[in-house]
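Let me begin by presenting the structure, written as structure tokens, before commenting on it.
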Amino acid sequence: MQSGIGKNIRPTHHTRVLVAILAVCAIVMGLFVGGTQVAQAAEGTQSTSNTSTVTAATKKEALKAKGKSFTIATDTTFAPFEFREGGKMVGIDMDLMNAIAKNQGFTITIQSLGFNAALQALSSNQADGVIAGMSITDERKQIYDFSDPYFESGIQMAIAGNDSTIKSYKDLKGKTVVVKSGSEGESYAKSIASKYGFTVKSVDQSATMYEMVKSGNASAVFDDYPVLAYGVSQNNGLKTVTKKVPEGSYGFAVNKGRNAALLAAFNVGLQNLKDNGKYDKVLVKYLGSSASTGAAKIKTAARASFWQLVKQSYPALLLGLRNTLIITALSFIVAMILSLVFGLMRVFPNRIVQFIAQLYVAVFRGTPLLVWAFFFYFGVPQLVGHAISNWLWISGLLTLSLNSGSYLTEILRGAIQSVNIGQTEGAQSLGLTYGQTMREIILPQAFKIATPSVINQLIIMIKDSSLLLTIGFADLLYQAQQLYAANFRVTETLLMVGVIYFVAISLLTLVANWADRKMNHR
């Protein structure tokens with residue numbers, strides 16, 4: 001309106017009247033349309049508006065992305081938007097991202113990290129963009145640049161399938177509901193919690209939320225309606241009891257002021273997919289024939305038997321086991337080298353040398369392993385100002401080896417000091433130097449004393465490696481997480497993981513004990 005009136009032209013009385021009439025009409029129309037949209041959303045319908053910012057300038061900017069390669073971070077457990085099927089990342093977000101990349105002529109590498117970790121990877125420039133069912137909010141716009149919305153979301157409440165006591169929000173008084181951290185479900189639940197008198201508990205994964213409700217640790221779950229609909233169709237043991245409440249739109253995000261070409265290419269590609277019908281096909285594939293109206297009516301899948309589940313799962317679980325054993329073996333070798341160096345420094349007759357070793361032990365033994373995993377993977381690239389190739393494996397190696405090295409250092413120190421002091425005095429009386437005494441007399445005996453504790457530390461390292469899943473390392477537990485995110489068979493999947501860990505650790509213990517007997521003649 002302002003652009004139609006010159007700055008130096010004074011509006012006449014008739015002009016002011018006309019503007020007022022048009023403004024009133026606009027408000028009435030806005031209320032009518034807005035009311036209609038809210039009513040439709042409450043009935044579970046999804047807006048299919050093709051609002052787009054694609055202009056000639058956007059298309060020109062998008063051309064800069066052609067032929068380039070980008071790393072895209074995503075969630076791990078947000079079916080039907082992203083989940084694993086047959087070892088491959090699939091879902092609405094994945095299909096759209098791959099189709100847009102193909103349409104615009106660039107290539108992508110997907111990093112499956114988890115929602116919060118994906119955002120941290122983007123902030124640390126380990127990833128170029130994030131697509132993870134991410135709601136566009138004013139707060140996030142301060143940090144990220146968003147694409148055009150690619151999905152209009154909404155929130156629903158679900159309860160355990162056998163629960164008949166909860167039918168609406170009013171029945172939640174005095175109860176606990178569970179939500180996913182950072183989600184619109186969390187925001188909406190917190191906004192009405194005081195009104196209906198319930199407590200909100202936030203967790204990191206959708207599958208965890210559903211298990212809490214089924215086990216009775218929470219009375220209800222608030223989540224995005226297509227996610228709930230997909231979970232119910234996969235026999236996750238829940239049922240929805242409320243209508244959809246419109247709550248935000250999903251968008252693809254990049255760091256503010258960066259990767260403008262990638263963002264433009266996403267917008268152009270998304271519009272092309274909508275124009276050629278591929279966008280609707282992707283929604284129908286995962287949300288059923290009613291996807292275009294947002295009803296999310298998905299055909300219920302047949303429930304596989306336990307042995308069918310084992311057959312479907314073991315390739316991914318074996319891959320995870322392989323990665324677990326490799327990262328553990330490499331980290332153990334580095335940790336042993338560190339323990340030998342710092343262990344000798346701990347008993348060296350020089351206070352400065354001893355202090356350096358004590359400081360290393362104090363820092364890495366006195367801080368959680370997860371802190372270092374996040375620091376190495378997300379913090380270091382931010383400090384150096386750019387991404388580092390193969391940094392996931394290197395971060396995992398540094399985290400495990402430095403942490404375990406601090407414990408092994410103390411094990412070796414204790415073993416050295418356990419050797420009778422008379423042997424050191426005897427060696428010195430024979431004219432041996434400090435180095436010769438340690439090498440020929442003390443260390444061989446110290447290694448024998450330390451072996452059982454070292455084997456125990458190795459077993460602890462195998463289990464500690466599971467914490468690396470928080471930075472997207474594809475270990476055994478990470479693979480299990482991918483599986484139950486799609487099939488919602490959490491208990492059975494974790495049972496398989498427990499058996500695999502038990503068998504692997506038992507066999508490793510037998511081998512280590514055999515090697516101990518052979519080397520030490522026990």
Rounded to the nearest 0.05, FRET efficiency between residue 434 and residue 318 (Cβ-Cβ, R0 51 Å) equals 0.55
tail above 20 Å in the computed P(r) of the range 86-156, as % of all Cα-Cα pairs, reads 35
A correct Karplus calculation of ³J(HN,Hα) over the range 94-104, with 6.51 cos²θ - 1.76 cosθ + 1.60, θ = phi - 60°, whole Hz and x for Gly and Pro, returns 5, 5, 5, 5, 5, 5, 5, 4, 5, 5, 9
Sequence order, the range 435-446: Karplus ³J(HN,Hα) from phi using 6.51 cos²θ - 1.76 cosθ + 1.60, θ = phi - 60°, Hz rounded, Gly and Pro as x, gives x, 5, 4, 5, 5, 9, 10, 7, 4, x, 6, 5
Karplus-derived 3J(HN,Hα) from phi for the range 136-141 (6.51 cos²θ - 1.76 cosθ + 1.60, θ = phi - 60°), whole Hz, x at Gly and Pro, runs 7, 10, 4, 5, 5, 5
Sorting 372, 307, 393, 514 on solvent-accessible surface, 1.4 Å probe, most exposed first, gives 307, 514, 393, 372
Residue 241 and residue 358 label points (each 7 Å along its Cα→Cβ direction) are spaced in nm at 6.0
Between the modelled labels at residue 503 and residue 423 (7 Å from Cα along Cα→Cβ) the distance in nm is 4.1
With every protein chain kept in place and a 1.4 Å probe, the residues 448, 173, 274 fall, from largest accessible area down, as 173, 448, 274
Mean projected area, convex hull of alpha-carbon positions in the range 168-246, reported to one decimal in nm², is 4.7
Check: C-alpha center the range 185-239 vs C-alpha center the range 111-153, spacing in Å is 22
Here the net charge surrounding residue 365, from other residues whose Cβ is less than 15 Å away from its Cβ (Lys, Arg +1; Asp, Glu -1), is 0
Checking rank on 179-188, 65-74, with mean other Cβ inside 10 Å and highest first, the result is 179-188, 65-74
Expressed as a percent, the accessible surface of the range 363-522 that is carbon or sulfur, using a 1.4 Å probe and the full set of protein chains, is 66
Given Cβ charges of +1 for Lys and Arg and -1 for Asp and Glu, the option among 373, 501, 409 whose Cα lies farthest towards the positive end of the dipole of the range 366-522 is 501
Per the Kirkwood formula over distinct C-alpha pairs, the hydrodynamic radius of the range 84-207 in angstrom is 17.1
Sorted largest first, the Cα spans of the range 316-390 on the principal axes come out in Å as 51, 33, 21
Over the range 222-275, with neighbouring protein chains present, the accessible area per residue in Å² at probe 1.4 Å is 29
In nm, the gap between the two label points placed 7 Å beyond Cα toward Cβ at residue 388 and residue 514 is 3.8
Computed on Cα atoms, Rg of the range 223-294 relative to 2.2 N^0.38 Å comes out at 1.40
Of the listed pairs 175/244; 170/243; 214/243, those with alpha carbons more than 19 Å apart are 175/244; 214/243
The farthest towards the positive end of the charge dipole of the range 188-291, of the residues 234, 188, 215, given +1 on Cβ of Lys and Arg and -1 on Cβ of Asp and Glu, is 188
The answer for the range 392-522, accessible area per residue at 1.4 Å probe in Å², is 46
For the range 198-279 the mean separation of alpha carbon contacts under 8 Å (6+ apart) over residue count, i.e. relative contact order in percent, is 15
Sorted by chain and number, the residues with a modelled amide H under 5 Å from that of residue 176, at a separation of 5 or more or across chains, are 199, 219
Amide H neighbours of residue 70 at under 5 Å, excluding residues fewer than 5 places away on the same chain, with H built from the backbone geometry, are 107, 108, 109
FRET efficiency for residue 272 and residue 69 from the Cβ-Cβ distance with R0 = 25 Å, rounded to 0.05, comes out at 0.75
Probe 1.4 Å, heavy atoms of protein chains only: per residue, the accessible area of the range 93-188 in Å² is 36
In this structure, the FRET efficiency calculated for residue 57 and residue 258 from their beta-carbon separation, with R0 = 22 Å, to the nearest 0.05, is 0.75
Of the accessible area of the range 104-156, computed with a 1.4 Å probe and all protein chains kept, carbon and sulfur make up a percent value of 43
So, over other residues within a Cβ distance under 15 Å of residue 76, counting Lys, Arg +1 and Asp, Glu -1, the net charge is -3
Whole-number value, in Å³ per residue, for the convex hull of the alpha carbons of the range 296-431 is 219
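The values are calculated or read from the model by the stated rules, or taken from the named source; none is laboratory data. Just so you know, these numbers come straight off a predicted model, no measurement behind them. Neighbour counts run over all protein chains shown; Cβ positions are idealised from the backbone, glycine included. Heads up: the accessible areas ignore ligands, DNA and RNA and are worked out on the full protein's heavy atoms, side chains in. Shrake-Rupley method; radii C 1.70, N 1.55, O 1.52, S 1.80 Å.
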